[in-house]
Amino acid sequence: MNKGVVIIPTYNERGNIEEVVARVFASDAEFDILVVDDSSPDGTADLVRGLQKKFPERLHLMVRTTKDGLGTAYIAGFKKCLAMGYSHIFEMDADLSHNPDDLPRLYRACTEEGADMSIGSRYVKGGNVRNWPVLRVLMSYCASLYVRAVLWISVADTTAGFVCYRREVLEAINLERIEFVGYAFQIEMKYAALRKGFRIKEVPITFIDRQVGQSKMNMGIFKEAFFGVLRMRFRRIQP
């Protein structure tokens, strides 16, 4: 199967999921979707099941029994999509902070421009952030500077969660050794890909803060990212 699939993790995203599914399927490229839902109490999974009747061949659903974090949701999705034979696998948020119209641009970076992994980047020329307070933008940008300095990598947007992988990247990384679950997961995946010798290309995007629902960001996720970067830097065994 030479086709892309978009993994969308969800927890209480009933207010967003219908629109994001419709917009992905309306994009120029025909990508499938895998929703990985952590048993949302708001009925997100039930809404997806209803949408599957409209898109029976293209919309897939995985329901997990516990809320174990973003990283484990993506890893579960990666394994399923690899088993299903997809050639390109995307990460994308459910809250429409990532524009589904940008999916073909990330895809072309991996199919036509020589990248093994492409990132929708807020912090390269042409990238932007909307609806965030200035302080939050500065914190996010400085966090990426910190990661770059500690890990000695040139990726500008290290915590970006809008990503396209060639399947070979995910096959090469030992997913069982990926240990972080929040923003540190995003950093760890990029770092692991670079250490395996894969090429990463950043594609400028405009990130728009969610309009519906609540952010999942908390102090525990921030601490994991801060201290996790140090652990990555000095961990000797390659993922």
**Q.** Glu188 surrounded by fewer than 16 Cβ atoms within 10 Å (Cβ to Cβ), in a helix (DSSP H, G or I) and not hydrophobic (A, V, I, L, M, F, W, C)
**A.** no
Q: Among residues belonging to the stretch 115-146 that are in a strand (DSSP E or B) and modelled with pLDDT of 95 or more, point out the one that is farthest from Ala29 (Cα to Cα).
A: Ser121
**Q.** Enumeration of residues in the stretch 147-184 that are under 14 Å from Gly120 (Cβ atoms) and either part of a helix (DSSP H, G or I) or not hydrophobic (A, V, I, L, M, F, W, C) (or both)
**A.** Asp157, Thr158, Thr159, Gly161, Tyr165
Q) Can you name every residue in the stretch 96-124 that is surrounded by 23 or more Cβ atoms within 10 Å (Cβ to Cβ) and among the charged types (D, E, K, R)? A) Arg122
(Q) Looking at the stretch 199-239 only, could you name the residues that are aliphatic (A, V, I, L, M), within 25 Å of Val169 (Cβ to Cβ) and either at pLDDT below 75 or more than 17 Å from the chain's Cα centre (by Cα) (or both)? (A) Ile221, Ala225, Val229, Leu230, Met232, Ile237
Q: Could you grab me the full set of residues in the stretch 27-42 that are surrounded by 14 or more Cβ atoms within 10 Å (Cβ to Cβ) and not hydroxyl-bearing (Ser, Thr, Tyr)?
A: Ala29, Phe31, Asp32, Ile33, Leu34, Val35, Val36, Asp37, Asp38, Asp42
Q.
Tell me the residue from Thr72, Thr66 that is buried (at least 19 other Cβ atoms within 10 Å of the Cβ), out of contact with any strand residue (DSSP E or B) (no Cβ under 6 Å at 6 or more places or on another chain) and hydroxyl-bearing (Ser, Thr, Tyr), please.
A. Thr72
Q) Is at least one residue of the stretch 47-64 under 16 Å from the mean Cα position of the chain (by Cα), among the hydrophobic types (A, V, I, L, M, F, W, C) and within 21 Å of Ser97 (Cα to Cα)? A) no
(Q) Can you report the number of residues in the stretch 8-46 which are of a type in the set (Ser, Thr, Tyr) and under 13 Å from Leu103 (Cα atoms)? (A) 1
Q: Identify the residue in the stretch 66-114 that is free of Cβ contacts under 8 Å to residues at least 12 places away in the same chain and part of a helix (DSSP H, G or I) and, among all such residues, is farthest from Cys164 (Cα to Cα).
A: Ala83
Q) Has the stretch 75-85 got any residue that is under 20 Å from Ile187 (Cα atoms), in contact with a strand residue (DSSP E or B) (Cβ under 7 Å, 6 or more places away or on another chain), among the aliphatic types (A, V, I, L, M) and crowded, with 24+ Cβ neighbours inside 10 Å? A) no
Q) What is the one condition in (1) touching a Cys at 6+ places or on another chain (Cβ under 7 Å); (2) at pLDDT below 95 that Phe90 does not satisfy? A) (2)
Q: Determine whether Val48 is in contact with a Lys or Arg (Cβ under 8 Å, 6 or more places away or on another chain) and either touching a residue at least 40 places away in the same chain (Cβ under 8 Å) or crowded, with 20+ Cβ neighbours inside 10 Å (or both).
A: no
Q: Kindly indicate the residue of the stretch 145-198 that is over 13 Å from the mean Cα position of the chain (by Cα) and among the aromatic types (Phe, Trp, Tyr) and also farthest from His98 (Cα to Cα) among those meeting that condition.
A: Trp152
Q: Scan the stretch 162-170 and give yes if some residue there is touching a Phe, Trp or Tyr at 6+ places or on another chain (Cβ under 8 Å), at pLDDT below 90, under 22 Å from Arg199 (Cβ atoms) and surrounded by 12 or more Cβ atoms within 10 Å (Cβ to Cβ), otherwise no.
A: no
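The values are calculated or read from the model by the stated rules, or taken from the named source; none is laboratory data. Quick caveat, the model's predicted, so the values are computed rather than measured. A quick note on method: Cβ atoms are made from the backbone with ideal geometry, for glycine too, and the neighbour counts reach across all protein chains shown.
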